[in-house]
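Computed from the coordinates by the stated procedures, all read-outs in this text should not be read as laboratory data. Everything numeric in this text was worked out from a predicted model, so none of it was measured. Cβ atoms come from the backbone with ideal geometry, glycine included; neighbour counts cover every protein chain shown.
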């Protein structure tokens, strides 16, 4: 009985160790699909020195790229170019806002995503008009609006959103 328990424990420990070791190894270059290797060829010489998490992220990105349509790839290239054109300070600010977004409750994240989809569905002229209205507000007024919004309860925010929607529908 003890012998059987010992073997089970030993096998479990062995499997756990194998999983840890395999996880630390990362992805071997020759285990990737040829298309992934082609996309990641600039990393080939230093692949083995990359952390396993970085290897996995790069492989996921390459796999995702291969699944994209030509239009999706074009859009992704444009977004990447816009990112590269940002200053380091602008990139840091975006990263910080993303971290703040990730800390929000799931329902608040979803509400923001819905609002973003609503905004994206507007005609380009209307989106531009709303951007200009916001940008034309004095900085202290924009800051005040943000602070007021953050201080509201979810119920108060819903009431404001409903009021805005009804005003938009009347226009």
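Checking residue 76 against (1) farther than 30 Å from residue 66 by Cβ; (2) surrounded by 11 or more Cβ atoms within 10 Å (Cβ to Cβ), which test does it fail? Exception for residue 76: condition (1).
Restricting attention to segment 109-152, the residues that are more than 27 Å from the chain's Cα centre (by Cα) and more than 20 Å from residue 165 (Cα to Cα) total 7. The requirement of being touching a helix residue (DSSP H, G or I) at 6+ places or on another chain (Cβ under 9 Å) and within 30 Å of residue 36 (Cβ to Cβ) is fulfilled somewhere in segment 102-124, by at least one residue.
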